[in-house]
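**Q** Can you read through this structure? Questions will come right after.
The values are calculated or read from the model by the stated rules, or taken from the named source; none is laboratory data. None of these values were measured; they are calculated from a predicted model. Cβ atoms come from the backbone with ideal geometry, glycine included; neighbour counts cover every protein chain shown.
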Amino acid sequence: MRYRLFGRTGIRVSAIAMGTSSSGGGGWRGYTDMVADAIDQGINFFDTANIYGQDEERLGHALQELGRRDRIVLATKAEGPVRPDDPNGRGISRRHLIEQCDASLRRLRTDYIDLYQLHCSHGSTVPIDEPLRAMDDLIRAGKVRYAGASHYAAWQLMESLCVSRELRLNRFVCEQAVYHPLDRTIERDLLPFAQTYGHAVVLWSPVAGGFFNGKVKRGGRHRHIERVLKDRIDAGYEEDAERCRQRAHDLQELIIGIADEKGCTPTQLVIAWELDTPGVTCPIIGFKSPEQLRSAIAALDVTVTDNDRRRIDAIARPRQAIVPFNDAGGSPPLNADWGPHRYRG
Ligand SMILES: NC(=O)c1ccc[n+]([C@@H]2O[C@H](COP(=O)([O-])OP(=O)(O)OC[C@H]3O[C@@H](n4cnc5c(N)ncnc54)[C@H](OP(=O)(O)O)[C@@H]3O)[C@@H](O)[C@H]2O)c1
């Protein structure tokens, strides 16, 4: 395993992180075995969220049973709805974040969370100083080590750094963003921002839900892609959605072809390509089996050449999206609010 500095913090995380929506078929026992396997293989970074069903509890149970909490960098998130009929049962208010931090600590069976993330931005309704102050209090109370965000625009993160400095609060150290060859839009501003300010960038759904492994071929419908295209289809732009699908399959076929030439799997090629992108810290992968775990780690030995990059760039243009996973107006949970708010100034 290789380890990478986590932005400008002093901690190091494995170049491959494990997403806890990974399930496999073995229930809680199988999940504990997978966590043990991941730690044995050198993975030390695990990501979950308060709204991922039983995932936090399963991870907490596994870590307690294995007695290896001290070995891992544990990340979770809050923002999503926990009580759908309660207007305060979601969001990034001080009230909700503190309540949910305590709930996550109970489920994870631990005294502290290494990285506590805002799952989504509510930019036009909640001034950034409110979640920053709540995060800072949680850090000072010893419940959280570092604060981060997900689905934030680069300008909002930049503003958060200014406000942290102004109010002398702990700053966000990490953004969890979507990035893979189907959506390269974070190359425009988030990655340059992260490189400039030493912000870690970790990738969610980094292998596009398995799209590149080719189980769903041209003519089929891949769940992850259809989720993003749903808005367009609902708005009557089926032709536009179909163009996206065709280009996605052009890219899938290219990646399968390059991977065949190199003797690796298409998913390994995508992981290696991401790890080679300046500004990216690591992908958080949802393995479904011990084989997928091992195969993802073996991607660390795959070299992406300039020629491979050029061929990928010819279809997946730099800074562009073939399928707009990162579009704030896309389907849940991508409905981030990147608007301005009234109270800043
Ligand atoms: N911040 C956010 O809002 C947000 C949103 C979504 C996810 N996440 C985080 O990102 C993590 C991963 O997301 P995800 O599971 O949705 O997406 P993902 O990692 O892109 O896709 C997982 C799928 O990829 C395939 N796969 C994984 N490893 C493979 C390998 N080595 N070889 C071949 N195929 C492989 C499997 O597909 P098959 O099942 O077809 O084999 C698996 O179901 C989550 O667990 C979570 O921690 C965060």
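**Q** Using the structure shown, decide if LYS215 is without any contact (Cβ under 8 Å) to a residue 12 or more places away in the chain and within 25 Å of the chain's Cα centre (by Cα).
**A** Details: without any contact (Cβ under 8 Å) to a residue 12 or more places away in the chain: yes; within 25 Å of the chain's Cα centre (by Cα): yes.
Yes.
**Q** Further question: For the subset of segment 161-186 comprising residues that are assigned to a strand (DSSP E or B) and more than 19 Å from LEU115 (Cβ to Cβ), which member is farthest from the chain's Cα centre (by Cα)?
**A** Pass one, segment 161-186, residues assigned to a strand (DSSP E or B): 172-178, 180, 183.
In the following step, the residues that additionally are more than 19 Å from LEU115 (Cβ to Cβ) were identified as 180, 183.
Numbers: HIS180: 11, ASP183: 13 Å.
For segment 161-186, the residue satisfying everything is ASP183.
**Q** Which residue is farthest from the ligand (Cβ to nearest atom), if the candidates are limited to segment 131-160 and must be among the charged types (D, E, K, R) and assigned to a helix (DSSP H, G or I)? Spell out how you get there, then give the answer.
**A** First pass over segment 131-160, keeping only residues among the charged types (D, E, K, R): 133, 136-137, 140, 143, 145, 159.
Cutting the leftovers down to assigned to a helix (DSSP H, G or I) gives us 133, 136-137, 140, 159.
Numbers: ARG133: 22, ASP136: 22, ASP137: 23, ARG140: 25, GLU159: 20 Å.
Among those that are among the charged types (D, E, K, R) and assigned to a helix (DSSP H, G or I), it is ARG140.
**Q** Does at least one position in segment 91-114 carry a residue that is of a type in the set (Val, Ile, Thr) and touching a Pro at 6+ places or on another chain (Cβ under 9 Å)? Spell out how you get there, then give the answer.
**A** First, the residues of segment 91-114 that are of a type in the set (Val, Ile, Thr): 92, 98, 110, 113.
If we keep only those that are touching a Pro at 6+ places or on another chain (Cβ under 9 Å) as well, we get 92.
There is at least one residue in segment 91-114 that is of a type in the set (Val, Ile, Thr) and touching a Pro at 6+ places or on another chain (Cβ under 9 Å).
**Q** Conditions first: (1) within 13 Å of the ligand (Cβ to nearest atom); (2) free of Cβ contacts under 8 Å to residues at least 60 places away in the same chain. PHE287 passes all but one, so which condition is the exception?
**A** That leaves (2) as the condition not met.
**Q** Is there any pair linking a residue in segment 293-310 that is under 14 Å from LEU254 (Cβ atoms) to one that is part of a helix (DSSP H, G or I), with Cβ under 7 Å and at least six apart or on different chains, and which?
**A** So the pair list comes out as VAL304/ALA272; VAL304/TRP273; ASP308/ILE258.
**Q** Give the residues of segment 259-288 that are assigned to a helix (DSSP H, G or I) and either modelled with pLDDT under 95 or hydroxyl-bearing (Ser, Thr, Tyr) (or both), sorted by residue number.
**A** So the first thing to find is which residues in segment 259-288 are assigned to a helix (DSSP H, G or I), and the list is 259-262, 266-275.
Selection gives THR267 alone.
**Q** More than 16 Å from the ligand (Cβ to nearest atom), at pLDDT 95 or above and of a type in the set (Gly, Ala, Ser), is that true of SER164?
**A** Working: more than 16 Å from the ligand (Cβ to nearest atom): yes; at pLDDT 95 or above: yes; of a type in the set (Gly, Ala, Ser): yes.
Taking the combined requirement at face value, the residue satisfies it.
**Q** Could you tell me whether segment 167-174 includes any residue that is surrounded by fewer than 23 Cβ atoms within 10 Å (Cβ to Cβ) and under 21 Å from ILE284 (Cβ atoms)?
**A** Looking only at segment 167-174, we keep the residues that are surrounded by fewer than 23 Cβ atoms within 10 Å (Cβ to Cβ), and these are 167-171, 173.
Those left that are additionally under 21 Å from ILE284 (Cβ atoms): 173.
So far as segment 167-174 goes, yes, one or more of its residues are surrounded by fewer than 23 Cβ atoms within 10 Å (Cβ to Cβ) and under 21 Å from ILE284 (Cβ atoms).
**Q** Considering only residues that are over 27 Å from ALA241 (Cβ atoms) and not in a helix (DSSP H, G or I), which ones fall in segment 289-323?
**A** SER289, VAL302, THR303, VAL304, THR305
**Q** Which of the residues spanning segment 88-112 are in contact with a Lys or Arg (Cβ under 7 Å, 6 or more places away or on another chain) and not basic (Lys, Arg)? Give the derivation first.
**A** Step one: list which residues in segment 88-112 are in contact with a Lys or Arg (Cβ under 7 Å, 6 or more places away or on another chain), which gives 88-89, 94, 96, 101, 105, 110, 112.
Correct list: ASN88, GLY89, HIS96, CYS101, LEU105, THR110, TYR112.
**Q** Could you tell me whether any residue of segment 200-211 is part of a loop (DSSP other than H, G, I, E, B), away from the ligand (no atom under 12 Å from the Cβ), touching a residue at least 40 places away in the same chain (Cβ under 8 Å) and at negative phi? It would help to see each step written out before you state the result.
**A** Narrowing segment 200-211 to residues part of a loop (DSSP other than H, G, I, E, B): 205-207.
From what is left, the residues that are away from the ligand (no atom under 12 Å from the Cβ) are none.
No.
**Q** Does GLN117 satisfy the condition of being touching a Gly at 6+ places or on another chain (Cβ under 9 Å), within 16 Å of the ligand (Cβ to nearest atom) and not aliphatic (A, V, I, L, M)?
**A** Working: touching a Gly at 6+ places or on another chain (Cβ under 9 Å): yes; within 16 Å of the ligand (Cβ to nearest atom): yes; not aliphatic (A, V, I, L, M): yes.
Judged against the criteria, GLN117 is a match.
**Q** So, one more: If the Cβ limit is 8 Å and pairs must be 6+ apart or interchain, which residue in segment 149-178 that is free of Cβ contacts under 8 Å to residues at least 24 places away in the same chain and under 15 Å from PRO127 (Cβ atoms) pairs with which residue that is of a type in the set (Asp, Glu) and surrounded by 16 or more Cβ atoms within 10 Å (Cβ to Cβ)?
**A** Close Cβ pairs (under 8 Å, with a partner that is of a type in the set (Asp, Glu) and surrounded by 16 or more Cβ atoms within 10 Å (Cβ to Cβ)) do not exist here.
**Q** Let me ask another. For segment 236-258, does any single residue satisfy the condition of being part of a helix (DSSP H, G or I), within 14 Å of the ligand (Cβ to nearest atom) and in contact with a Gly (Cβ under 6 Å, 6 or more places away or on another chain)?
**A** yes
**Q** Out of the residues in segment 175-219 that are aromatic (Phe, Trp, Tyr) and surrounded by fewer than 24 Cβ atoms within 10 Å (Cβ to Cβ), state the one that is farthest from HIS151 (Cα to Cα). So that I can check it myself, show each step before the final result.
**A** Residues of segment 175-219 that are aromatic (Phe, Trp, Tyr), as a first pass: 179, 193, 197, 204, 211-212.
Then keep just the ones that are surrounded by fewer than 24 Cβ atoms within 10 Å (Cβ to Cβ); that gives 193, 197, 204.
Values: PHE193: 14, TYR197: 18, TRP204: 10 Å.
Result: TYR197.
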